[in-house]
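Contents: one structure, followed by commentary.
Since every read-out is calculated from the coordinates, none of them should be taken as a lab result. Values in this document were obtained by computation on a predicted structure and should not be read as measured data. Because the Cβ atoms are built from the backbone with ideal geometry, glycine has one as well, and the counts that use them run over all protein chains shown.
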Amino acid sequence: MEKQQDRRDFLKKAGIVAGLVQLPFVGWSAGFSTLFSEGVKTTKEFSLLKLDKLLTDYQFPFISEFSTTSFSTRYSQYNLYGSNAVRAGELSLHSLINGENLLFDFASSRLANNGIKGRNQIFKYILSGSVQCENNATLSPQKWKVATKIALSEEEAAFGGTGITTEGEVKNGEIRIKSGNKLIRKQYSNNPPLSWKWGLLAVAQKMAEASAPELQFALLDEFDTVYQNQKMRFRRTVKIDCGNDRRIDFKVFELTGDGVLPTVYWVDHLNRTVFVICGMEAFVLNG
């Protein structure tokens, strides 16, 4: 019973620190900003208590060391619906040093039925690829190759017409995206520096390692859209009981900016991103 209460206390605190109130999508940004002036209202918190039943057997992934440049992590993805939550997919992220750069491999797999019982769609939306990045604070992408498909699994062939591969690079003041014979060019001067959606999990890790208070950048989202005026900032440190008589200090970072939902990253004492909370989605590092 005590361990169950510890887990519930953690999930509740995660919702409060996230600072997200349950408002319609149109009101997310306004709700987030006014929260600081009005204070946290626990009756409206965006609480991870919705995950309580799904994480009953969750074991915190204790390890002795972690590298922010060469690592392999896998997350379970959850959708949060009203007072309920369902497991809806997974995300894997792998990084290694490649000369002066970092090379990331990633795969995002999402259930077509969003994990909702009674729906018969058993196929998945799958996004996978590799990204070469500068080894800088924002992990600026230099070039990438990404494949998208609808299939039963990552290993299965795409259903008819859904398999698409795109390649991109940042070069000579522009972003170039090639899909088949189509080439799209978008002006981009590298000022501010560029980051990318799934790379932000690793950006939070680097910020924790360097004790960086804030980063400003533009965001390459889904590898075809650039959102300006992004800001990742440190909010606070929270000590959480993670079981086995281990109390761990987490650094909490928040992302806000044009075109994105406020997102909160929980990074543990080893500089490892463990939890990500974004709107109606949550990612939990597999234990």
Averaging 1/r across every pair of distinct alpha carbons in region 215-287 and inverting yields a Kirkwood hydrodynamic radius, in angstrom, of 13.5 Å
Debye calc, one equal point scatterer per Cα of region 125-229, no solvent, log10 I(q)/I(0) at q = 0.11, 0.15, 0.20, 0.25 1/Å comes to -0.39, -0.68, -1.03, -1.34
Say the cut-off is 21 Å between C-alpha atoms; which of K171/K197; K143/K231; K149/K171 go over it? K143/K231; K149/K171
Work out, step by step, the length gained on full extension between S67 and K145: first 0.36 nm times the residue separation, then minus their alpha carbon distance; give nm to one decimal. 25.6 nm
For the residue pair S179 and R247, what label-to-label distance in nm results when each label sits 7 Å from Cα along the Cα-to-beta-carbon direction? 5.1 nm
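Can you list the GluC sites (Glu not before Pro) in region 155-209 that are in a DSSP coil and have 11 or fewer other beta carbons within 10 angstrom?
Numbers: sites: E155, E156, E167, E169, E174, E209; in loops: E155, E156.
Answer in residue order: E155.
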Note the direction-averaged projected area, equal to a quarter of the hull surface, for the Cα convex hull of region 143-287, in nm². 11.1 nm²
Per the 1/(1 + (r/R0)^6) rule, R0 = 51 Å and r from the Cβ atoms of D57 and N172, FRET efficiency to 0.05 is 0.45
